[in-house]
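**Q** Let me begin by handing over the structure; questions about it come next.
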């Protein structure tokens, strides 16, 4: 890869620093997509030890690249995202990925395909953690930032994705307990 190509890729990725998510930080400002992806990758790093058979590098790569499409479309909360939104994001992302030099283009396309099919251990772990990280962030934010549907959604969001693993199911249960405490006014 030439230096200019690398800089152009980083310029595109930088847009995720300004793309805000529906959630807020504990300090009360909107969270960026980049912040979510960073903490998700950190989450995967610490969780990977529970899955010694998983490819930790692949898992962390999935976490780092999973929301790059939002550099083109912005973030649309999962409860508002339509099939049209998903297809548009995928189309714009894949058009950009197609401009990348090999081997990055090929690796990223393979990772996106794997994440979408959710058949491999790494893809299942990634998706469970992605959903959980969003709820953890909501639990850390002031409850005044929650919209009405989140009072029930945050209790169950992603539990189905974590169910394949006893460890992830137990972790999701702890997150649910934090959500209940938050709703009851006992959370941070």
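**Q** So residue 138 fits all but one of (1) touching a strand residue (DSSP E or B) at 6+ places or on another chain (Cβ under 8 Å); (2) in a loop (DSSP other than H, G, I, E, B); what number is the exception?
**A** Failing condition for residue 138: (2).
**Q** How many of the residues in the stretch 97-112 are crowded, with 17+ Cβ neighbours inside 10 Å and in a helix (DSSP H, G or I)? Don't jump to the end; show me each part of the working.
**A** Going residue by residue through the stretch 97-112, those that are crowded, with 17+ Cβ neighbours inside 10 Å are 97, 100, 108, 111-112.
Still in the running and in a helix (DSSP H, G or I): 97, 108, 111-112.
Residues that pass the stated criteria total 4.
**Q** Now for a different question. Before we move on, is residue 41 surrounded by 14 or more Cβ atoms within 10 Å (Cβ to Cβ) and within 11 Å of the chain's Cα centre (by Cα)?
**A** Details: surrounded by 14 or more Cβ atoms within 10 Å (Cβ to Cβ): yes; within 11 Å of the chain's Cα centre (by Cα): yes.
Against the criterion (surrounded by 14 or more Cβ atoms within 10 Å (Cβ to Cβ) and within 11 Å of the chain's Cα centre (by Cα)), residue 41 qualifies.
**Q** With the requirement that a residue be within 18 Å of the chain's Cα centre (by Cα) and in contact (Cβ under 8 Å) with a residue 24 or more places away in the chain, what does the stretch 159-175 give you?
**A** 161, 162, 168, 171, 172, 175, listed by residue number.
**Q** Oh, and also: Which one is farthest from the chain's Cα centre (by Cα) among residues in the stretch 143-156 that are touching a residue at least 60 places away in the same chain (Cβ under 8 Å) and surrounded by 14 or more Cβ atoms within 10 Å (Cβ to Cβ)?
**A** 145
**Q** Let me ask another. Step by step: first the residues of the stretch 58-92, then only those that are surrounded by 20 or more Cβ atoms within 10 Å (Cβ to Cβ) and assigned to a loop (DSSP other than H, G, I, E, B), then the one that is modelled with the lowest pLDDT. Which residue is that?
**A** 75
**Q** Mind checking which pairs have a first residue in the stretch 12-27 that is surrounded by 15 or more Cβ atoms within 10 Å (Cβ to Cβ) and a second that is in a loop (DSSP other than H, G, I, E, B) and modelled with pLDDT under 95, Cβ under 7 Å, 6 or more apart or different chains?
**A** What qualifies is 19/74; 19/75; 20/75; 21/75; 22/75; 22/77.
The values are calculated or read from the model by the stated rules, or taken from the named source; none is laboratory data. Predicted model only: the values in this text are computed from it and were never measured. No Cβ is skipped: glycine too gets one built from the backbone with ideal geometry, and neighbour counts run over all protein chains shown.
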